[in-house]
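Quick notes on the structure that follows.
The values are calculated or read from the model by the stated rules, or taken from the named source; none is laboratory data. Computed from a predicted model, the values in this text were never measured in an experiment. Cβ coordinates were reconstructed from backbone atoms using ideal geometry, including for glycine residues, and neighbour counts include every protein chain displayed. Ligands, DNA and RNA are excluded from the accessible area calculation, which covers all protein heavy atoms including side chains. Shrake-Rupley method; radii C 1.70, N 1.55, O 1.52, S 1.80 Å.
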Amino acid sequence: MARDPAFVLRYLAEVEELAEDVLAARQQIVDLDVKRNRNREALRALQKDPEPEDQDELDEEINKLRKELRVKVNRLYEAQGKPELKGFNLNPMSAEEMKLINRILEG
């Protein structure tokens, strides 16, 4: 069955737009992560407060972008007719959760 060329073009344009959105979000995460690491290195060199406000803001922005990236990747996969990625929506445990797990394992 032949597909309508206009439909195929719209489909390809949508998939390309979603893919570009995913790539842009990933690059933004990389750029912010590089900046965050440079800040940490500078702070260690100066022997000052290890977690200034700027670092906290960068951490929050990176985490926000990573959550948004999950949604974008799922939309891209959906547009391509692929199944949703398994395990992609997992979140790391917080420091508090790790402490509780360690207490349980030690006890």
*Have a look at Ala25, Asn102, Gln80 and report the one farthest towards the positive end of the charge dipole of the chain, computed about the Cα centre with Cβ charges (Lys/Arg +1, Asp/Glu -1).*
Gln80
*asked:* Over 19 Å apart: what share of the alpha carbon pairs of the chain falls there, rounded to a whole percent?
replied: 64 percent
*Tail beyond 12 Å, pair distance distribution of region 5-45 (Cα, percent)*: 68 percent
*Rolling a 1.4 angstrom probe over the protein heavy atoms, how many square angstrom per residue are accessible across the chain?*
81 Å²
*In nm, give the distance between the simple-model label positions of Glu60 and Asn91, each being 7 Å from the Cα along the Cα-to-Cβ direction.*
1.6 nm
*Report the full-extension gain for the segment Arg70 to Val15: residue separation times 0.36 nm, less the Cα-Cα distance, to one decimal in nm.*
18.2 nm
